[in-house]
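Structure, as structure tokens:
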There are 2 protein chains.
Amino acid sequence: MATAPGSAGTRGRRRGRPGYDKETLLHIAVTLFNERGYDGTSMEDLGKKLGITKSAIYYHVDSKEELLRLGTNRALDELFAVAAEAGAADGRAIDRLEHLVRGSVRVLVEQLPFVTLLLRVRGNTEVERAALDRRREFDRIVGELVLQAEKEGDVRPDVDPATTARLLFGMVNSIIEWYRPRFDTDDAGLADAVARIAFDGIRVNGRA
Amino acid sequence: MATAPGSAGTRGRRRGRPGYDKETLLHIAVTLFNERGYDGTSMEDLGKKLGITKSAIYYHVDSKEELLRLGTNRALDELFAVAAEAGAADGRAIDRLEHLVRGSVRVLVEQLPFVTLLLRVRGNTEVERAALDRRREFDRIVGELVLQAEKEGDVRPDVDPATTARLLFGMVNSIIEWYRPRFDTDDAGLADAVARIAFDGIRVNGRA
């Protein structure tokens, strides 16, 4: 969904004022928020980074908060889209959970700056609290899948399901801390790696 | 090591100026850095939080950077102490790795504010770069243990060892995002949970 600044796709969709379309503006704003912190970034900083005036930014968005809302919703919409896919909705809970894990890894990699923004939100404003609410709703879906998979006998019962769910997505979300596109393995390879390690562990001995 | 503010241990060790000893000052400073960000916290903010003057803070430390150095080193010293333990130094690499994972979980839980500070360091100052260097050295130890355990046939060879090491400690480090003392399971239970899931996976079927 997100188009890298300056890519052909972005250039083709430019309209309104010259300089930047809304998508490119959002991408650069979110990257700046991630570098300096949302609170530490002003619209002046963003204008300076873009080489445009504040009023050119306000042509596209009403406020800094709107950029935050658009940025966090980009990540959340994609994550909920994965949860709504057939593979995450039908079948045994363990398989739906694996579908959700693999899809989430794909979203993290494809929407890296947006998911990074989302995962750093602390809830100081209304927009941030709304993002946290949606994040909790996603976590609730994960938690229920783990619980159901345990009831179906597929997830180990010797760890509390809430802890299992947190550690599982703790591993998934850690990707934003170290994954760098181009330098790392592709996202299909990464999804395989996460699924293998999370579901069957890093140890060879004892696995079938 | 860290003593909670106002606990009996802290009160017994007060000396010099009245109000706060250095340990308590450090604990409160680090907690404030975690809440507001290191860059976003001034010595004035810290004085206000403590209800003391800036000069009362400077009685204990030379600068805000010294507080950052002390805070990140607290976490790093404890992590390297685990890596230096016999259990992490002798025997099969997979067992040393498990010792290191369990010990790291213990450090994260016991030194939660200090490890949180460490994991959020971005490297903008000399002190931050020094902390990142030590963190990389710790990650190098983890990476070598994973590599050796794979050579010894104990870690799955179908995931690149560097990715395995990152995902393993991604799971461990995620604890700072959600673990809250008193409300969550104790640290021994948490270390068991992490070791079980990381080494043998969340799936029941297929494990011995």
Discussion item. For the stretch A:139-176, which positions are more than 7 Å from chain B (Cβ to nearest Cβ) and among the charged types (D, E, K, R)?
Written reply: A:139, A:140, A:144, A:150, A:151, A:152
Discussion item. Can you name every one of the helices (runs of 4 or more DSSP H) wholly within the stretch B:100-189 that holds 3 or more residues which are modelled with pLDDT of 95 or more and surrounded by fewer than 19 Cβ atoms within 10 Å (Cβ to Cβ)?
Written reply: B:126-151
Practice prompt. Would you point out which residue out of A:203, A:122, A:136 is more than 9 Å from chain B (Cβ to nearest Cβ) and among the charged types (D, E, K, R)?
Written response: A:136
Response to the item:
Selection from the stretch A:70-87 of residues part of a helix (DSSP H, G or I) and free of Cβ contacts under 8 Å to residues at least 40 places away in the same chain yields A:77, A:81, A:82, A:84, A:86, A:87
Worksheet entry | Scan of the stretch B:48-67 for residues that are assigned to a helix (DSSP H, G or I) and either more than 14 Å from residue B:28 (Cβ to Cβ) or in contact with a strand residue (DSSP E or B) (Cβ under 7 Å, 6 or more places away or on another chain) (or both), ordered by number | B:54, B:55, B:58, B:65, B:66
Item to complete: Output the number of the condition that residue B:164 fails; it satisfies all remaining conditions of (1) touching a residue at least 40 places away in the same chain (Cβ under 8 Å); (2) of a type in the set (S, T, N, Q); (3) touching a strand residue (DSSP E or B) at 6+ places or on another chain (Cβ under 7 Å).
Response: (1)
Discussion item. When you check residue B:82 against the structure, is it touching a Phe, Trp or Tyr at 6+ places or on another chain (Cβ under 9 Å) and buried (at least 17 other Cβ atoms within 10 Å of the Cβ), yes or no?
Written reply: no
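The values are calculated or read from the model by the stated rules, or taken from the named source; none is laboratory data. Keep in mind that what you see is a predicted model, and the values were worked out from it rather than measured. With ideal geometry, Cβ positions are generated from the backbone for all residues, glycine too; neighbour counts draw on all protein chains shown.
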